[in-house]
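Visitor: Starting off with a structure, shown below.
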Amino acid sequence: MAGSRADLRANLTGWAFVAPALTLLGLFMAYPILWSLYMSFQTGKGMNFKFGGMSNIYRLTQDPVFLRALSNTMVFLVVQVPIMIVLSLLFAAALNNPKLRGRAILRTAIFLPCVTSLVAYSVLFKSMFAIDGVVNDSLLFLHIISEPIRWMIDPFWAKVLIIMAITWRWAGYNMVFYLAAMQNIDPSIYEAARIDGVPARARFFKITIPMLKPVILFTTVLSTIGTLQLFDEVNTITASQGIGGGPADSTLTLSLYIYNLTFRFMPSFGYAATVSWVIVILVGILSWVQFQVAKDR
Amino acid sequence: MSGLKLTGLRKNYGAHQVIKGVDLVVEPKEFVVFVGPSGCGKSTLLRMIAGLEEISGGDLTIGGVRMNEVDASKRGIAMVFQSYALYPHMTVRENMGFALKYAGESAANIARRVNEAAKILELHKLMDRKPRDLSGGQRQRVAIGRAIVRHPEVFLFDEPLSNLDAELRVQMRIEIARLHKELQTTIIYVTHDQVEAMTLADKIVVLREGLIEQTGAPLTLYDDPDNQFVAGFIGSPRMNFLPAVVKNGALTLPEYDGQVIPMPPVAAKLAEGAEVTVGIRPEHFRTGGSASLDLTIELIEHLGGESFAYARQGKANVITIATGTGRNWASGERIQATFDPASVLLFTAQGARVR
Amino acid sequence: MSLFSRLFSLLTQAMLWLAAFISVFPFYWMIAGATNTANDITGGKFTLGTNLIPNITKFFELVDVPLVFFNSLVVAIGGTVLTLIVASLAGYGFEMFRSKTRDRIFGGLLLMLSVPFAAMMIPLFVMFSGVGLMNTYFAIIAPGIASIFMIFYFRQNTKAFPSELRDAARMDGLQEWQIFLRIYMPVMRSTYAAAMIILFMTNWNAYLWPLIVLQTNDMKTIQLVVASLATAYTPDYGLIMVANVLATLPTILVFFLLQRRFVEGMLGGVK
Ligand SMILES: Nc1ncnc2c1ncn2[C@@H]1O[C@H](COP(=O)(O)OP(=O)(O)OP(=O)(O)O)[C@@H](O)[C@H]1O
Ligand SMILES: [Mg+2]
């Protein structure tokens, strides 16, 4: 057992290195997660709770505001994530052409939005999409529309606006992942395909896309998590008079609803925790589904 | 099977000319090897033939048809890349059949041709594996298989064996030679490896800075190089070059303490005082030659079957001597290295051969 | 090139330039807005105006700008430095001292990565108010210090740290912590640099958690100020744009100065 003392020492050193992180994670992550799981079975307002069993879950099914927040969130997810991923892929594929002129400028420009803070860009969008703002003016001028779009007032257009905003901010971010992955592909693979007579379209769909599958999965999962937690945009862009999620709750999301339950109304921690677990479960299910879809066909 | 004809072929990258006018005829079924120092344009020339690089000037014909502007896939060529360039997400079978799908072959035809190639290369046990589950040599065989299934008129290889270890390299080299015999196609092959070039080629093309220095059968280049560059490039270990001056009907070697060697027959027409370079291959030193050099052995390398002595005189260049199986020299020893004056080559100061 | 492929390449170029325009226009809009009046901005005026000085003056009157900027810097720099230390220690520990237990814990961390912040927001809020730490720098920074993503990032990058270096240092008689401090940190400085940029951006741009934790005006960060100005009953966009420029400028500067590193840091997790 000559090595055992040294092994023990190494083991202790290992623990010492990870201890600060594990302590903090336990305190600020594991504990809150368990706590909120526990809370989701409690009912009551403010700091008075009692065990409520499944009552919070029952309340979910009866709560029209929750159901609306859930359906809004799902709409954002189902519409925005695919649009953005496809756009990012298109940009990346177009930018990956070494003969393209102005490549560096284009890449930087398209990537730039993701360095802005959520607040800053939300404010910009809010002002640009004002009823007689620059976007409506331009669309009118170009005769694309005949009367101004009521971006912040019409529930449909409010959703569209939020989707455009998120896409604006994140498309370039995802694009960089795809570009990096594309640049890692051995160029002689494309040369081989050219000699093999594979047409450009098939090169993209039969070679590039399959080879990017892990990255596409990675970004899809990240985007799904992000969209399910959507908060900042709907709390700013479509907020009026300090209340987010408008008009008429048409952009209310689950995260925003949790925030409202906790901080805007009389605090209802137990119920809010239950809603937050809905997000956890959705993330879990969707990530699992995405992994299954991405598995080898 | 088609031959190729390159006439005045040129390639510019901006103002920088990389291929400076190459003329070359490749006969049908010929095995041609491009060699030359790194950066001389071997890959570029090959890729121009493949259609992967645009041709800036000159003409390229394959099978008598001008191909300058023809798409890579329509030139009747197949290429094997140094990195293999297998599609990582496809099985061996899919990799090999991929091109045929786009050539409009029927599924039955594809299967037949893929199996045929698999048999030639003994790949049938690996057909459903992905490239990452194959060894380097197996990947290389798949890459060759992918080329074979297309029944190309011309095969192009760019340093196909350089990622393999020494033993596999020998194996694959033999395999490629066998394939050439079996398939009877034209092959153009780029390599850094002397042995590959000497053993595989019907014809070696020596390139230097975008120009052909000499073209010819391996032994022709070895025995009868046109210039000092080719003489130095072909043969391993390299030929020894000794600066010399013609003086009183003999060659004086100023860097070797003015030792004198007899005039080789070809030097008869050289004028008194002309500066030349004497080229002696290591294996041309042998006992009983009528010329000799006084040298001191610095180091001896025994490779088992043969030995090399590195010897010098004063500050002059080290001279490599193949000692055959004679192992009786020791380092530090002063020797007389003898050779036959008729076996040496002479080059002018400009590097041209004196014949 | 055939007519079709020429057309196609023209089309993709047009698409890219349009996307680039759309991406950059809001930045221009922000700068132009800072020089215009509120009415001009919501009225869609996109040329430069003359209202810059009044906007700035009003902003500085309404908001204690140096204090707000100071708060933001404390939060961003404090959060960045602490995270770098804790996460790199953990990444080094997880990779260099492998053990079954620690590998399992690491797997558990990756699972936790998918738990949304919303689920932790309430307990964290209750925790911090329970111990009376609300409205402090500590409360904003603390939950983010042990960033799982960053631990993961450092562990991935540590794989490239040559273990011969560590062995050599051990033979030279260095203690483990000295190896980390004297060898690992200097050798991995480009890893640190990339992480630093990402962390600075994340912390500088943080919004939701600070919004929950910070209650008094003298603690607010620039992001909160912009948001509260923007969600006011009658937002004055002129001064909001001035605030916005201030809120965005540091990150844009960092981005342009260190673009390559920034992208490296972003990609760090997927390598
Ligand atoms: N895209 C390019 N732009 C500019 N110069 C290039 C380009 N591609 C190759 N070159 C130059 O052309 C020359 C020939 O390159 P090439 O790859 O053909 O050399 P090579 O003989 O194959 O070398 P090696 O033996 O190292 O593979 C080199 O000097 C190289 O720097
Ligand atoms: Mg080459």
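Visitor: Among DSSP bridges having both ends in chain B, what percentage is antiparallel? Round to the nearest 5.
Guide: So the antiparallel bridges amount to about 75 percent of the total.
Visitor: Compute the acute angle (0 to 90°) between the alpha-carbon long axis of helix C:148-158 and the principal axis of greatest extent of the alpha-carbon atoms of chain C; round to the nearest 10°.
Guide: It is inclined by approximately 50 degrees.
Visitor: Students often forget the sequence filter, so: which lysines lie under 17 Å Cα-Cα from B:Lys269 once same-chain residues fewer than 8 apart are removed?
Guide: Counting by Cα, and skipping residues close in sequence, B:Lys269 has these lysines nearby: B:Lys247.
Visitor: Out of all DSSP beta bridges with both ends in the protein assembly as shown, state the antiparallel percent to the nearest 5.
Guide: Once the DSSP bridges in the protein assembly as shown are tallied, antiparallel ones form about 80 percent.
Visitor: Can you give me the angle between helix C:52-62 and the longest principal axis of chain C, using Cα atoms only, in degrees from 0 to 90, rounded to the nearest 10?
Guide: Helix C:52-62 and the main axis of chain C meet at about 60 degrees.
Visitor: Now, a different point. What residues of the stretch A:270-297 lose no less than 40 Å² of accessible area with every protein chain in place versus their chain by itself (probe 1.4 Å, heavy atoms only)?
Guide: A:Val280
Visitor: In terms of modelled amide H atoms, which long-range or inter-chain residues lie less than 5 Å from the amide H of B:Ile19?
Guide: HN-HN under 5 Å from B:Ile19: B:Lys11.
Visitor: Provide the FRET efficiency to the nearest 0.05 for the A:Gln290-A:Asp132 pair, computing r from the beta carbons and using R0 = 60 Å. All intermediate terms of the calculation are to be shown ahead of the outcome.
Guide: Values: r = 42 Å, r/R0 = 0.70.
Efficiency for this residue pair is about 0.90.
Visitor: Once you order the gyration tensor axes a ≥ b ≥ c over the Cα atoms, which shape class does chain C get: rounded for a/c under 1.5, otherwise prolate or oblate by comparing a/b with b/c?
Guide: oblate
Visitor: Going by amide H atoms built from the backbone, whose H comes under 5 Å of the H on B:Glu298, apart from near neighbours?
Guide: B:Tyr310, B:Ala311, B:Arg312, B:Gly332
Visitor: Expressed as a whole percentage, what fraction of the accessible surface of the protein assembly as shown belongs to carbon and sulfur atoms when a 1.4 Å probe is rolled over the protein heavy atoms?
Guide: Accessible surface attributable to carbon and sulfur in the protein assembly as shown totals 61 percent.
Visitor: Here is a further query. Projecting each Cα onto the charge dipole of the protein assembly as shown (Lys/Arg +1, Asp/Glu -1 at the beta carbon, about the Cα centre), which of A:Phe41, B:Ile120, B:Pro237 comes out farthest on the positive side?
Guide: A:Phe41
Visitor: Chymotrypsin sites (Phe, Trp or Tyr not before Pro) within the stretch A:196-297: which are DSSP loop residues with at most 14 other Cβ atoms inside 10 Å?
Guide: In loop regions of the stretch A:196-297 (DSSP not H, G, I, E or B), the sparsely surrounded chymotrypsin sites (Phe, Trp or Tyr not before Pro) are A:Phe265.
Visitor: Name the aspartates and glutamates eligible as straight-distance cross-link partners of B:Lys181: C-alpha to C-alpha under 18 Å, and not fewer than 8 places from it in the same chain.
Guide: Filter leaves B:Glu27, B:Glu30, B:Glu116, B:Glu122, B:Glu153, B:Glu196, B:Asp202.
Visitor: At a threshold of 8 angstrom on Cα-Cα distance, excluding pairs fewer than six apart, so keeping six or more, what relative contact order does chain B reach in percent?
Guide: Values: 724 pairs, mean separation 54.9, N = 355.
For chain B, the relative contact order is 15 percent.
Visitor: Note the count of lysine pairs whose C-alpha atoms are less than 23 angstrom apart in chain C, limited to pairs 8 or more residues apart or on different chains.
Guide: So the count works out to 4.
Visitor: Evaluate peptide A:132-140: per residue, the Cβ atoms of other protein chains within 10 Å of its Cβ; return the mean as an integer.
Guide: Values: counts 4, 8, 11, 3, 1, 4, 3, 0, 1.
Mean partner-chain Cβ count within 10 Å for A:132-140: 4.
Visitor: As a test of the definition: with a 1.4 Å probe, what buried accessible area, both sides summed, do you compute for B against A, in Å² to the nearest 100?
Guide: Summed over both sides, the interface buries about 1700 Å².
Visitor: Ok, one more. How big is the gap, in Å, between the Cα center of the stretch B:18-73 and the Cα center of the stretch C:226-271?
Guide: When both Cα centres are located, 53 Å separates them.
Visitor: Continuing with this model, one more query. Given the pairs B:Lys20/B:Lys42; A:Lys206/B:Lys74; A:Lys206/B:Lys42; B:Lys11/B:Lys42; B:Lys11/B:Lys74, which are separated by over 23 angstrom at their Cα positions?
Guide: Cα-Cα > 23 Å for A:Lys206/B:Lys42; rest within.
Visitor: Follow-up. Roughly how crowded by other chains is peptide C:171-182, in terms of the mean Cβ count from those chains within 10 Å of each of its Cβ atoms?
Guide: Mean shielding count: 1.
Visitor: I've got another one for you. Counting heavy atoms of the protein chains only and a 1.4 Å probe, report the per residue accessible area for the protein assembly as shown as a whole number of Å². Walk me through the numbers before you get to the answer.
Guide: Numbers: 41250 Å² over 923 residues.
Heavy-atom SASA per residue in the protein assembly as shown reads 45 Å².
Visitor: What is the Cα centroid distance between the stretch A:193-212 and the stretch C:37-110, reported in whole angstrom?
Guide: Value for the Cα centre distance between the two parts: 41 Å.
Visitor: So what's the back-of-envelope 222 nm ellipticity for the protein assembly as shown, counting only DSSP H runs of four-plus at -39500 (n - 2.57) apiece and dividing by all residues, rounded to 500?
Guide: Working: 35 runs with 477 residues, N = 923.
It lands at -16500 deg cm²/dmol.
Visitor: Mark the label point 7 Å from the Cα of A:Met266 along Cα→Cβ and return the residues of the stretch A:21-44 whose backbone N is within less than 11 Å of it.
Guide: Output list for this probe position: A:44.
Visitor: Helix C:189-205 sits at what angle to the longest principal axis of chain C, using alpha carbons and giving 0 to 90 degrees rounded to 10?
Guide: So the helix axis and the longest Cα principal axis differ by about 40 degrees.
Visitor: Taking Cα pairs under 8 Å and at least six residues apart, what relative contact order does the stretch C:63-266 come out at, in percent? Could you put the intermediate results ahead of the total?
Guide: Details: 174 pairs, mean separation 68.7, N = 204.
Once divided by the residue count of the stretch C:63-266, the mean separation gives 34 percent.
Visitor: Under 1.5 on a/c is rounded, so check that first for chain A, then, if it is not, pick prolate when a/b is larger than b/c and oblate when it is not; a ≥ b ≥ c are the square roots of the alpha carbon gyration tensor eigenvalues.
Guide: oblate
Visitor: Treating only the Cβ atoms of Lys and Arg (+1) and Asp and Glu (-1) as charged, compute the dipole magnitude of the protein assembly as shown about its Cα centre; round to the nearest 20 debye.
Guide: The dipole of the protein assembly as shown has a size of about 1660 debye.
The values are calculated or read from the model by the stated rules, or taken from the named source; none is laboratory data. Just so you know, these numbers come straight off a predicted model, no measurement behind them. No Cβ is skipped: glycine too gets one built from the backbone with ideal geometry, and neighbour counts run over all protein chains shown. The area values use the complete protein model at the heavy-atom level, side chains included, leaving out ligands, DNA and RNA. Shrake-Rupley method; radii C 1.70, N 1.55, O 1.52, S 1.80 Å.
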